[in-house]
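Only the coordinates and a few stated rules stand behind these numbers; no lab work does. On a predicted model such as this, the values are computed, not experimentally measured, just so you know. For neighbour counting, all protein chains shown are included, and Cβ atoms are generated from backbone atoms with ideal geometry for every residue, glycine included.
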Amino acid sequence: MAQPLHAYEEITFRQFILFIKSHNKQIEENINIYLNLEPFILEPERKMIQSLLDSFLLFLSDIRDTYEKHLDTWLQSHLPILNVNHFSMFRLIFEKAIVTLMVNLKHAQTISILMFLLSIFSHLIHSYNKWVDDEPGQHSKTIQENAELKRLQLLDQLDELLINSAGFKDFAFILKKCEEFFNYKRCVFYAYIPWSNQLYGTIGSELPKVQSMRGQLSLKQSMVFNSKKPVYLKDPHNYIKEEHIQLFNLSSVIFVPIVHEQQVFGWLTFDQLGEEFDYSIDELTLLDQVGKRLGLYLSRKDDEVSFGTDIQLTERESMILNLLAEGYNNKKMAELLQLSEHTVRDYVSSLMTKFKAKNRTQVVVYGFRLGLLK
């Protein structure tokens, strides 16, 4: 005769999150231990799985409302770097970290917490299998071949456009053509400064809005965007500030890194002006190639951009420009260069005059656009 299941008291999502927040440090330590001890993880995969684990723990610590929708958003944003092995190992190590913690704590709600964790992973597994399994079933072989042909034709169009373009001064036109080629209503370019981990809105429609966008990537954003793969966010609220979502009327959005030889020049965003949309893995693969081609284009055109401008900077002005890009204020620049703050202000004013810029932010933006900052 079958034994009855032991009853346990169910916990709420808020109780589960409170537990995660309360023991975040111990969970992180357990994750690192099991990740380093796991013999079946190859070294190149270890960093990828570490990124997934760190991102998921941060995600759980920060989420505030209904979790199913946000779980889907987290998973979708990581699909470009996920495969079955990564996903399985990520789940195994996270579960080991939690189980070990529960055993050590001898927590009164051990079963309740573990059951809730299993429900979270059940949801993730269902969503992951759905997105992965949907792709092959959507197309017959003939349709897949036609789709591949169309992708190649679009990339050929882009290649021809890039061959006939000259440097960063043509980049705004290139982005408008990308909207047309890939059937999006808006494309914006955000330049990236790696040493300060900052983004600057540089090119796009409604330019004043675009150029008002600047700031340092948060830890959560860095974990997603540093994958150097396109990232799709059906609901961007968990990764983008609410004021920015309102400013651009954002709904679904795709971030595409512009990369060449591991150097990230920045990101393109593609969206439909407030309309929610879905995507396919084929579309992300296509946009991944777009980002790589644009990265190659910018790397080859650097010299043309630098020498194509009539603006000439003195050595001291160039130093001030680079320090501005790193986010230093006048006082800190004066200390570093052993100048007075008054002299630094004069140099900044000189840069604003040469660039016809209204403020320090525009000085940095124009510095990138003119190729005077790399």
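Dividing the alpha-carbon Rg of the stretch 241-340 by 2.2 N^0.38 Å yields what?
Cα-based Rg divided by the globular estimate yields 1.52.
Ratio of Rg to Rh for the stretch 141-302, alpha carbon only, Kirkwood?
Taking Rh as the inverse mean 1/r over Cα pairs, Rg/Rh reads 0.95.
Starting from the amide H of residue 266, placed 1.01 Å from N in the peptide plane, find each other amide H under 5 Å away whose residue is 5 or more places distant or on another chain.
192, 258
May I ask you to sort 131, 195, 267, 74 by Cβ crowding, counting other Cβ atoms within 10 Å and putting the fewest first?
By the 10 Å Cβ count, ascending: 195, 131, 267, 74.
Round to the nearest 0.05 the FRET efficiency obtained for residue 217 and residue 340 when R0 = 35 Å and r is the Cβ-Cβ distance.
Here the calculated transfer efficiency is 0.55.
Any idea what Rg and Dmax come out to for the chain if you just take the C-alpha atoms, in Å?
Cα radius of gyration and Dmax of the chain are 24.2, 89 Å respectively.
After finding the eigenvalues of the alpha carbon gyration tensor for the stretch 13-136, what semi-axes result from the square roots of 5 times each, listed largest first in whole Å?
In descending order, the three semi-axes are 23, 19, 12 Å.
Using 1/(1 + (r/R0)^6) with R0 = 41 angstrom and r between the beta carbons of residue 85 and residue 62, what's the FRET efficiency to the nearest 0.05?
With R0 = 41 Å, the Cβ-Cβ based efficiency is 0.90.
Using only the alpha carbons of the stretch 309-369, determine the length spanned along each of the three principal axes and report them from longest to shortest in whole angstroms.
Computed over the Cα atoms, the extents are 30, 19, 16 Å.
Given springs between every Cα pair under 10 Å in a Gaussian network model of the chain, which of 110, 314, 269 has the largest fluctuation?
Of 110, 314, 269, the Gaussian network model singles out 314 as fluctuating most.
Taking the chain as a Gaussian network, where each spring joins two C-alpha atoms under 10 Å apart, which residue of 105, 175, 321 fluctuates the most?
With Cα springs under 10 Å in the chain, the top fluctuation among 105, 175, 321 is at 105.
Longer than 21 Å from Cα to Cα, which of 69/220; 209/331; 69/150; 177/292; 169/354 are they? Say none if no pair is.
Among 69/220; 209/331; 69/150; 177/292; 169/354, the Cα-Cα distance tops 21 Å for 209/331; 69/150.
What dipole magnitude, in Debye to the nearest 20, does the chain give about its Cα centre under +1 on Lys/Arg Cβ and -1 on Asp/Glu Cβ?
980
Taking the Cβ of each residue in 199, 149 as the centre, tally the other Cβ atoms inside 10 Å and list the residues starting with the fewest.
The most exposed by this proxy come first: 149, 199.
Once you have the Cα-Cα distance between residue 209 and residue 275, take 0.36 nm times their residue separation minus that, and quote the gain in nm to one decimal.
Result: 21.9 nm gained on full extension.
Just 37, 273, 52 to compare: in a GNM of the chain, with alpha carbon springs under 10 Å, which one fluctuates most?
It is 37.
Work out the FRET efficiency for residue 159 and residue 246 from their Cβ-Cβ distance, taking R0 = 41 Å, and round it to the nearest 0.05.
Plugging the Cβ-Cβ distance into 1/(1 + (r/R0)^6) gives 0.65.
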